[in-house]
1. Residues of segment 1-51 being more than 30 Å from residue 111 (Cβ to Cβ) and touching a residue at least 24 places away in the same chain (Cβ under 8 Å), which ones?
2. Take the residues of segment 115-142 that are surrounded by fewer than 15 Cβ atoms within 10 Å (Cβ to Cβ) and assigned to a helix (DSSP H, G or I): which is modelled with the lowest pLDDT?
Amino acid sequence: MHSDSSFDEIYEGIFPSVYRFVRIRIPGPDVDDVTAEIITKVWRALPRFDGRSSLKTWALRIAYNQVVDYYRAQKSVPILSIDEDLAANSSEADHSEKVATSLSISETLAKMPEPQVAVIQLRLIESLSAAETGEILGMTRDAVDSLLYRAKKSFRRIYAWESAGGDNR
C-alpha cells in the first residue's frame, strides 16, 4: 500500500488529523514543531507499517505517543489553543459568542485528564471507531467505551461548574 505512495500523498492523507490532534493538546507556539516531528517519525517508520490498521490510525498512535513524550519532557499541564479559524464568515457578535464558547470548551478540556481528552477527540471529533481509538490509546474497545462515558461525564461536570462562574480569575 505505502510502497507506491509518495510522501505528498501520505502527508495529505494524515496531516489534517495529526494537526488537529496536536493543536488541541500542545501550546500554540509548539504545534507546528510537534506536528513536523510526528510527520517525520511517521515517514521514517513507514517501512515498518504492517497495514493491520489504517494509516491514519497508525499515525495518530505515533502522535499520541509524541504528545505524551512532549509533556513528560515539559513536566507541565496541557494548554489548549483556540480555533484560529473562528472568524471565517461570521458576524462580530457571532464571532464573539463562538470565541467565548471555544474558550470555555478549551478551559474545560484543559482541566480533564489527558486520556479523557484523547478519547473525546478521537471518538467525537475525528469520528474514529472504538476499535481504532483503542489501537491508538493502547486499550480494549470496552475500556474506550468506559473512558468515553467517564470523559463525557467529567466534561459536563466541569463545563457546568465553569459556566456557573466557578472559575473567576
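The values are calculated or read from the model by the stated rules, or taken from the named source; none is laboratory data. The shown structure was predicted, so the numbers you read here are calculated from the model rather than taken from an experiment. Cβ: placed from backbone, ideal geometry, glycine included. Neighbour counts: every protein chain shown.
1. 1, 2, 7, 10, 11, 13, 42, 43, 46, 49, 51
2. Going through the qualifying residues, I end up with 125.
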